[in-house]
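Derivation of every value follows stated rules applied to the coordinates shown; laboratory data play no part. Predicted model, so just to flag it, every value in this text is computed and none were measured. Cβ sites come from the backbone with ideal geometry, for glycine too, and all protein chains shown count toward neighbours.
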Amino acid sequence: MSPLLLYQLVAVMLLSIGLFGLIWRRTLIGMLISVELLLNGAGLSLVAAAQLTPASAVLGQLGTLLIMGLAAAEATLVLAIVVVVVRRFQTSDSSAVSELKG
Amino acid sequence: MMEWLAKAAFALYVLIIAGGAVLAVGAKNLVRALVGLVLTLFGVAGMYLLMSAPVVAFMQILIYVGAVSVLIFIAIMLVRTGPEGDETKARSLRQFLYAFFGLAAPALILGGTIIKRPVESASIPAEVSVAQLGEGLLGPYTLAFELISAVLLVAMAGAVLVAFERRGDK
């Protein structure tokens, strides 16, 4: 197996486990942790594709840096949403948050 | 010798990533799940080093392990679920089936595709210096660089706005 294939398989593993956790978890924070796994899989795949093929390596590495910035922004927003949800519903269970115009 | 070392390091990182990911998804206690996530992040950083992308590995540790995991820990602290938190409740068989489908579908489709149609791979990763990355950020990719800083600023301002509560306004 070529090195690129091995790295891509690890990225697919992270994607699968993250997707599993996103559905399996009940709390919003558990889902946030799963999303971080997904984003890491994306970054790993991107850097592997950039470093081990003739594609532009600079573009791939910068793309991964941008993914990290987006992940930080996303985590900040989810933190604020969790704070609001917990204040309003007294729980972070995602199935309890089913009330519109609360 | 070096080849063998690289293979051993790769196997070690795969073990760290897999163990951390399983812990992050399966642990009943959210703090333990966070520890699993940090393990996975370190494993991925090690893989970046193996691919000779040290800048990305450094940023991975700086941003993910340093900032994002602390944010998640603060979120866990604010929610204050005890050891008998929401994650310990039983789940229905249907939810397990959905989750298993979410695990199997990308593994089968994407994994099968990349195994069946492998892309030509170089055995030696490309070397990119920090100077080249900086020239990329200030040259052709300036717009993306500026946009990501705007996105970060808006996200932080929005987070403050969403979580802000006026006194006596409840």
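Structural remarks
- Alpha carbon convex hull of the protein assembly as shown, projected area averaged over orientations, nm²: 16.2 nm²
- Lys-Lys pairs in the protein assembly as shown that are eight or more residues apart or on separate chains and whose Cα atoms lie under 28 Å of each other come to 4.
- Relative contact order, percent, the range A:3-89 [alpha-carbon distance under 8 Å, six or more residues apart]: 26 percent
- Charge dipole (debye, nearest 20) of chain A; +1 at Cβ of Lys and Arg, -1 at Cβ of Asp and Glu: 240 debye
- According to the Kirkwood relation over distinct C-alpha pairs, the hydrodynamic radius of the range A:3-89 is 14.0 Å.
- Per-residue Cβ neighbour rank within 10 angstrom, fewest leading, A:Trp24, B:Trp4: B:Trp4, A:Trp24
- When only alpha carbons are used to place a centre, the range A:1-65 and the range B:100-170 end up 10 Å from one another.
- Range in chain B, longest, excluding exposed GluC sites (Glu not before Pro) [loop by DSSP; at most 14 other beta-carbon atoms within 10 Å]: B:1-83
- Across the options B:Ala144, A:Ser2, B:Val160, the greatest Cα extent toward the positive end of the charge dipole of the protein assembly as shown (unit charges at beta carbon of Lys, Arg, Asp, Glu) belongs to B:Val160.
- Taking every residue in A:63-71 and counting other chain Cβ atoms within 10 Å of its Cβ, the average works out to 6.
- Long hydrophobic helices in chain B: the complete DSSP H runs spanning 27 Å or more by Cα along their own axis with mean Kyte-Doolittle hydropathy of at least -1.0 are B:2-26, B:30-50, B:93-116, B:142-163.
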